[in-house]
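Below is one structure, written out as structure tokens; the observations come after it.
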Amino acid sequence: MPKLSGGSSLSGEDRFNLMLSLVGFLQKRGTVSLEEAAKHFEIDKKYLRKLVSSINDARAEVRGFEHWFFLIDIDELEENENLCLTENLVIESSPKLSNRQASAIAAGLNYLAAMPNFKDDADLKVLQNLLADGTHRGLNRILEVRPGSAQAGAEQVREAIVSGVAISCEYINQKGERSVRKLEPLRLDPRPEGWYVRAFCPLNDGVRNFKLDRMRTIVLLDEPISDAARNIHSIEDSVYLSAATDTSVLVEVDPEAYRLVSEFVSVAEPSTPGDGKVRAEIKVGHLPNIGKLVARFGGAARVISPPEARKQVLNFALRALGRDPEETSSQLKLEDD
């Protein structure tokens, strides 16, 4: 596998996961040479140094005092090309799963166990048993499915994926427009805000993402998926896929809002201005939705540019406060950053 070079681009989520993996690697191994770490993660030294800088920039305020999540010894790195943690103040022991997290993982494992390829997978059964022991209760092998629920829709999509057939449904897009669609489902992904169906769309002649709770009247068709769908070997992980008509929006996010960046395709490698913040330019298809997307993360996500995107966020906030954007627009001025 070719090494990831300093000029290569990772999505925000992949970069964040790689940083966490590096920290865990150092926690377990102690002092490690830069060469050994680069070989282990199959990345070059230049890119690894960039990850170290990002880790050292991440910090948080705890009880009025600024603390680093993790701190890698820069002097040791520069003088001896070794990596070692000097600070580990925020997380001192293994984190515990909440009931919601445990339930989400259990649902995912049950979903995999229901697929033919994983039916008798030994590793999967070990994970199920570990989770059951940790929560002091067993896991149901079969999930309860109620007709008309999102879970019922997920079961229909799963059946279509396993059977390799197309589906028909009524779909409501981000603009509220309704249409009857024929889709060839390839993957079903759980997200905190709901399920997403990754499907080949004959209408757009490509892979598109469809939110399950916007799909109505799902029907399995007696039609196998097309050769075009079968020949798709790689699917973009971003929830929102970019198109030529999309608007480029520069956002700045705190650690608790990193997920916003990971859900979109970044135009370029995200930058780290400091204090754990990340700036990234993302592509937004329907600009009026940017206010709702940013509001999910409270003040942890901010739109920097363009002005029309900032205005959409402002208008969304005003409407949420019960104020008319048109009436207050003359009284408010967008702050230039």
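May I ask you to list pairs of residues, at least six apart or on different chains, whose Cβ atoms are under 8 Å apart, with the first in the range 1-30 being under 14 Å from residue 42 (Cα atoms) and hydroxyl-bearing (Ser, Thr, Tyr) and the second being in a helix (DSSP H, G or I) and modelled with pLDDT of 85 or more? Qualifying pairs under 8 Å: 5/46; 5/47; 8/47; 21/41.
Any residue at all in the range 98-109 that is assigned to a loop (DSSP other than H, G, I, E, B), surrounded by 12 or more Cβ atoms within 10 Å (Cβ to Cβ) and modelled with pLDDT under 70? No, the range 98-109 contains no residue that is assigned to a loop (DSSP other than H, G, I, E, B), surrounded by 12 or more Cβ atoms within 10 Å (Cβ to Cβ) and modelled with pLDDT under 70.
Scanning the range 278-335 for residues that are among the basic types (Lys, Arg) and more than 21 Å from residue 264 (Cα to Cα), we see that the one that is modelled with the lowest pLDDT is 333. Return the residues of the range 227-264 that are modelled with pLDDT under 70 and in contact with a Gly (Cβ under 9 Å, 6 or more places away or on another chain); say none if nothing qualifies. 240, 241, 242, 243, 245, listed by residue number.
Of all residue pairs spaced 6 or more apart or on separate chains, those with beta-carbon atoms under 9 Å, a first member in the range 159-177 that is surrounded by 13 or more Cβ atoms within 10 Å (Cβ to Cβ) and a second member that is of a type in the set (Asp, Glu) and assigned to a helix (DSSP H, G or I) are 165/159. Out of the range 272-329, which residues are over 20 Å from the mean Cα position of the chain (by Cα), hydrophobic (A, V, I, L, M, F, W, C) and part of a loop (DSSP other than H, G, I, E, B)? Passing the criteria: only 321.
With respect to (1) surrounded by fewer than 20 Cβ atoms within 10 Å (Cβ to Cβ); (2) in contact (Cβ under 8 Å) with a residue 12 or more places away in the chain, the lone exception for residue 197 is condition (1).
Listed here are the residues, each with its yes/no results for (1) within 19 Å of residue 165 (Cβ to Cβ); (2) touching a strand residue (DSSP E or B) at 6+ places or on another chain (Cβ under 9 Å); (3) not assigned by TED's automatic domain parsing to the domain that holds residue 258.
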residue: 181; (1), (2), (3): yes, yes, yes
residue: 188; (1), (2), (3): yes, yes, yes
residue: 196; (1), (2), (3): no, yes, yes
residue: 203; (1), (2), (3): yes, yes, yes
residue: 209; (1), (2), (3): no, yes, yes
residue: 215; (1), (2), (3): yes, yes, yes
residue: 220; (1), (2), (3): yes, yes, yes
residue: 223; (1), (2), (3): yes, yes, yes
residue: 231; (1), (2), (3): yes, no, yes
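The set of residues in the range 200-215 that are touching a residue at least 24 places away in the same chain (Cβ under 8 Å) and touching a helix residue (DSSP H, G or I) at 6+ places or on another chain (Cβ under 9 Å) comprises 200, 202, 207, 212, 213, 215.
The values are calculated or read from the model by the stated rules, or taken from the named source; none is laboratory data. Because the structure is predicted, anything quoted here is derived from the model rather than measured. Virtual Cβ from ideal backbone geometry, glycine too; neighbours counted across all protein chains shown.
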